[in-house]
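Asker: Sharing a structure here in structure tokens format.
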């Protein structure tokens, strides 16, 4: 990430966002333990975690104390409140634990997010908005965005209202994403099959031709 010339190291560290993979959901539509579900031989959570780690200096996985996670050597684990399960809990807790820094949050079920997009979100000027969210032609992904410290006071406690509605109320800035698949999330077994097929198509396209 680019730094301003002459800026003290401590000030730079305070400004730099923390990358956070949100892993505290119940995953009911997937049958539970979504972080451990395998996609093309790897736990689903590894895809966004790898993208965040490639783009950011500090990354954490935010989960509940009883969330089942795969082996994640070297990963920092943050714990969110146990009793609440609204997605807003993860965003609020990530901000609360980030020590006054912005957080780039990414849901664990976004296997096609790339480091380049994470870097864009982290570097994007919020222009006074409390958050920058990824969007593709009006399709907004609230669990992929950079939230500023002051967003903590705006998002408030979890509610029963839909997450998109709650986040829209804080008037975030939108970052247009060209690749629609970057916002694809795996919620159901059918989604998992679609994601696996997409990965296989990508691998097939890069295989060298067979010489006869």
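Asker: When the chain is fully extended, how far beyond the present Cα-Cα distance does residue 197 get from residue 66, taking 0.36 nm per residue of separation?
Answerer: Here the answer is 44.0 nm.
Asker: Continuing with the same structure: Take every DSSP beta bridge with both residues inside region 14-206 and express the antiparallel ones as a percent of the total, to the nearest 5. Could the numbers behind the result be given before it?
Answerer: Values: 12 of 29 bridges.
So the antiparallel bridges amount to about 40 percent of the total.
Asker: Return the calculated 222 nm mean residue ellipticity for the chain, to the nearest 500 deg cm²/dmol, obtained by summing -39500 (n - 2.57) across DSSP H runs with n ≥ 4 and dividing by the residue count. All intermediate terms of the calculation are to be shown ahead of the outcome.
Answerer: Values: 7 runs with 66 residues, N = 212.
The helix-only estimate for the chain comes to -9000 deg cm²/dmol at 222 nm.
Asker: Per 0.36 nm of contour for each residue apart, how much would the distance between residue 178 and residue 153 grow if the chain were fully extended, relative to their Cα-Cα spacing? Let's see the in-between values first.
Answerer: On the way: separation 25, 0.36 × 25 = 9.00 nm, distance 3.11 nm.
Length gained, residue 178 through residue 153: 5.9 nm.
Asker: Taking the Cα-to-Cβ direction at residue 83 and at residue 163 and moving 7 Å from each Cα, how far apart do the two end points lie in nm?
Answerer: Those two pseudo-labels are separated by 2.2 nm.
Asker: Shifting gears a bit: What percent do you get for the relative contact order of the chain when only Cα pairs under 8 Å and 6+ apart count?
Answerer: Reported as a whole number, the value is 23 percent.
Asker: Sticking with this one: So what's the angle, to the nearest 10 degrees on a 0 to 90 scale, between helix 87-97 and the longest Cα principal axis of the chain?
Answerer: 60 degrees
Asker: Rounded to whole Å, give me the distance from the Cα center of region 103-132 to that of region 46-98.
Answerer: Comparing the Cα centres of region 103-132 and region 46-98, I get a distance of 15 Å.
Asker: Now for a separate question. Could you work out the relative contact order of region 91-197? I mean the mean sequence separation of Cα pairs under 8 Å and 6+ apart, divided by the number of residues, in percent. Kindly include the intermediate steps, with their values, before the conclusion.
Answerer: Values: 151 pairs, mean separation 37.5, N = 107.
Relative contact order comes out at 35 percent.
Asker: For the Cα atoms of the chain, what angle does the longest principal axis make with the long axis of helix 189-206, in degrees from 0 to 90, nearest 10?
Answerer: Between helix and principal axis, roughly 70 degrees.
Asker: Please work out how much length the chain gains when fully extended from residue 137 to residue 26, using 0.36 nm per residue of separation minus the C-alpha to C-alpha distance, in nm with one decimal. Walk me through the numbers before you get to the answer.
Answerer: Numbers: separation 111, 0.36 × 111 = 39.96 nm, distance 2.89 nm.
In short, 37.1 nm is gained.
Every number in this text was worked out from the coordinates using simple rules, so none of it is lab data. This structure is a prediction, so every number in the text was calculated from the model and none was measured. Quick reminder, even Gly has a Cβ in these numbers, built from the backbone with ideal geometry, and neighbours come from all protein chains shown.
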